[in-house]
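Any read-out appearing in this document is the output of simple, stated calculations on the displayed coordinates, not a laboratory observation. Please read these numbers as outputs of a predicted model, since none were measured by experiment. As a convention, Cβ positions derive from the backbone with ideal geometry for all residues, glycine included, and neighbour counts pool all protein chains shown.
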Amino acid sequence: MRAFLLVPLSLLWLACAPVRPTALDLQREGHQALHVGPVTLTVHLKRGGQPLTTADVQVQADMTHAGMATVSGKTVSLGGGLYRVSGLDLSMAGDWVLSVTAKPGGTAITGTLPLSVQP
Ligand SMILES: [Cu+2]
C-alpha cells in the first residue's frame with residue numbers, strides 16, 4: 001500500500017525543482033512465493049524516480065505483530081538500482097515488512113515493502 005503512495009509523491013518531487021527526495025521507492029523484482037527460512041530476493045530501489053546506485057544499503061525485516069525479533073540481511077548492488085537481498089531468516093509464516101535504509105551522500109533515506117511469507 002505504501003508503495004502506491006510513494007509513486008505520486010515522487011512525481012510531485014520531480015515537478016518541483018529543486019528535487020530533495022527523502023524517501024526510497026522500493027519494489028520487488030519477480031513474484032515468486034517466499035517461504036519460511038532464509039530468503040533471497042531482488043529489489044529495485046529508486047529515489048525521486050531515479051535508480052539508486054549507492055553501495056551503502058542496509059536491510060532488515062520485522063513481522064507486523066509484536067513479539068518477534070528484527071532480522072537483518074545482506075545486500076549486494078547489481079547495478080542500475082537493482083539490489084540482491086540475502087540472508088534474511090524469516091522464521092514464521094505471515095506478514096513481514098522489509099525496511100531498506102540507504103545513505104547516498106551520507107543522508108539516510110528509507111523505504112518499506114510488505115512481504116507475505118508462506119509456510
Ligand atoms: Cu511472527
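Some observations on this one:
- Karplus-derived 3J(HN,Hα), 6.51/-1.76/1.60, for each residue of the stretch 102-119, Hz, glycine and proline x: 10, 10, x, x, x, 9, 6, 10, 10, x, 10, 9, x, 10, 9, 10, 8, x
- Normalised convex hull volume, the stretch 35-97, alpha-carbon set, Å³ per residue: 91
- Near residue 70, once Lys and Arg are set to +1 and Asp and Glu to -1 for all other residues with Cβ below 12 Å from its Cβ, the sum equals -2.
- Length gained when the stretch residue 53-residue 31 is fully extended (0.36 nm per residue, less Cα-Cα span): 5.6 nm
- The stretch 47-61 residues near the modelled residue 107 label - backbone nitrogen below 20 Å, point 7 Å along Cα→Cβ: 47-58
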